[in-house]
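Reviewing the structure listed below.
The values are calculated or read from the model by the stated rules, or taken from the named source; none is laboratory data. Computed from a predicted structure; not experimentally measured. Cβ atoms come from the backbone with ideal geometry, glycine included; neighbour counts cover every protein chain shown. All accessible areas refer to the heavy atoms of the entire protein, side chains included, with ligands and DNA or RNA removed. Shrake-Rupley method; radii C 1.70, N 1.55, O 1.52, S 1.80 Å.
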Amino acid sequence: MRAVGGAIRRPMARATGPFLDGFDRRFARFHAWYERVLQSALRHRGRVVAMGLVIFAITIIVGLRLERSVLPNVDQGAFRAVITLPRGTPLEVTASTAEALEGILHRDGDVDAIFSRIGRQVAIAGMSEEETGLNTASLEVRLREGGSTADVLERLTPQLSDFPPNSIALQTGQATALSRLLGGGEADLAVRVMGEDPDSAFIFAQEVERRLTAVPSITNVQLGTKLGQPEVLVKIDREKAASYGIQPRTVQEAVDANLRGVRTSEEFVDFDQKITMVVRLPEEARELATLQEMLVEGVPLRELISIEETTGASEIRRVNQTRIVAVHADVVSGDLAGATSDMEVALRDLPRPGDVRWEIGGENEEMRRSFRALLVAMVLAVILVYMILAAEFESFVHPFTVLLSVPLGTFGAVLALWITGAGLNTVSLIGMVVLVGIVDNDAVVKVDFINQMRRKGMSVRDAIREAGHARLRPILINTITALLGLLPMALGIGPGAELQAPLAIAVFGGLLTATALTLIVIPVVYDLLEEGRGRVREALGWSRAPAGMPIPQPGD
């Protein structure tokens, strides 16, 4: 069996030998170059520290310029066009408008199928809060495989100029199940107009809608609360009724009886059915003019009431016990933070009537809550990693050396997110939290080996050089295997991959820069800390440990 195994291995060795030999020669040259760089870094420690500070400053500057959102934009290959015409529009006009929009959509080569719903629709609890009626229609558009929703919307938008202004809203359908789980709504942003006077709040909200329509970074600006059906408000003049000796309830019953009718005590029997009979005026007599000519105990009704034609609210929304009218908008360019700033500038000098006030919410609020929670998670992760490292090294100083890998890794993560355009969102920040526990591995390997060499009697510089010589290959192998494993996810291959790609991009970029900088910065910082500790011991009169003895630790 050994002869057979040797016979198999010899051809494989001859086939792979030249490649492996060439790799070893190249790696030996890289190894020698790294040792020269490390020697230079130890001689110019101030420059290395300055470089680290510059990297930290760049991380902050680039991080503040990244686009921010709750979740990454996911192209689901479909979108929805919502038609909202003026209230009272006949169903036939709504249908013809939807048919015209269908014709425009069908002419686009990337559109695969269209499903239209016209008129009043049955609301499904928890699925939609949109008001529907004879003046509304909804078109669900599905694209062909490989079609881009952004490209289709870009071609479609100029063709909507022939329709009434603000009558068509294009919704990309990016509210995935995960975004709904995190609390994201159907609109990216919402201006909440608050006030106890519904008329003043609604008028102010209409002015907000008008101003936001001119903001170029947002689109689909529309009121979240629509006006209800026209109604007639009959108010009883109690003072006049009292002067005639008539009770207000008598007036109310007379109006109700003449408009809605009065049920009789008799019932009409049709075989096995009993039908209630109602006595009321004919249809042509149930008008406002006839109502005013009615007599109540001999007094004309017009003397006892006042009639006002108005439009009631279709719904009343409250947040924290305060009545609100919402104005919704979607971001068309830039990020949520930039669009929010544009909206604040547009509404800054808008005069407010009475107690009416406004605030910007929507996904912007959810983004702030998510970022704040993930920042707390990152701080807790750093604290837990420090506690574990302190127990491992039996020192309170060296864990700080290892944790310097975190800002070095954050630099790469932020840079990768900026280059790829992924931006800051919940998913990429989760990647940064994960990065806290990953980037420390290389520094732990290096610092632990340095400590081992020092316990054997080596000086600090010699131990650092020996660690660079002995641990370079394991560190590179560990990093390269992790990077290759993350690469498919970072490339965003496959449907829905845009949702998970930012996490892999953040970890990939962080590992890459953390490894490259850890090999230089961590040894220099270790050397500086040990030199500082030595000076502190000399100042306190402590003697240095003899060669070969364990190094005194702060906790000893």
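Points to keep in mind about this one:
- Extending 7 Å from Cα along the Cβ direction at Ala377 and again at Glu394 yields two label points whose distance is 3.6 nm.
- Sorted largest first by accessible area at a 1.4 angstrom probe radius, with every protein chain in place, the residues Ile218, Ile477 fall in the order Ile477, Ile218.
- Residue-wise HN-Hα couplings along segment 80-90, as the Karplus relation 6.51 cos²θ - 1.76 cosθ + 1.60 with θ = phi - 60° gives them from phi, are 10, 10, 9, 9, 10, 9, x, 4, x, 5, x Hz; Gly and Pro carry x.
- When you count the other C-beta atoms within 10 angstrom of each residue and take the mean per peptide, 418-424, 233-239, 361-367 line up highest first as 361-367, 418-424, 233-239.
- Amide H contacts for Arg323 (H built 1.01 Å from N in the peptide plane; partners 5 or more residues away or on another chain; cut-off under 5 Å): Gly195.
- Positive minus negative residues near Ile520 (Lys, Arg vs Asp, Glu; Cβ under 14 Å): +4
- Cross-link partners of Lys235 among aspartates and glutamates (Cα-Cα below 14 Å; sequence separation of 8 or more within a chain): Glu253, Asp256, Glu303, Glu308, Glu309
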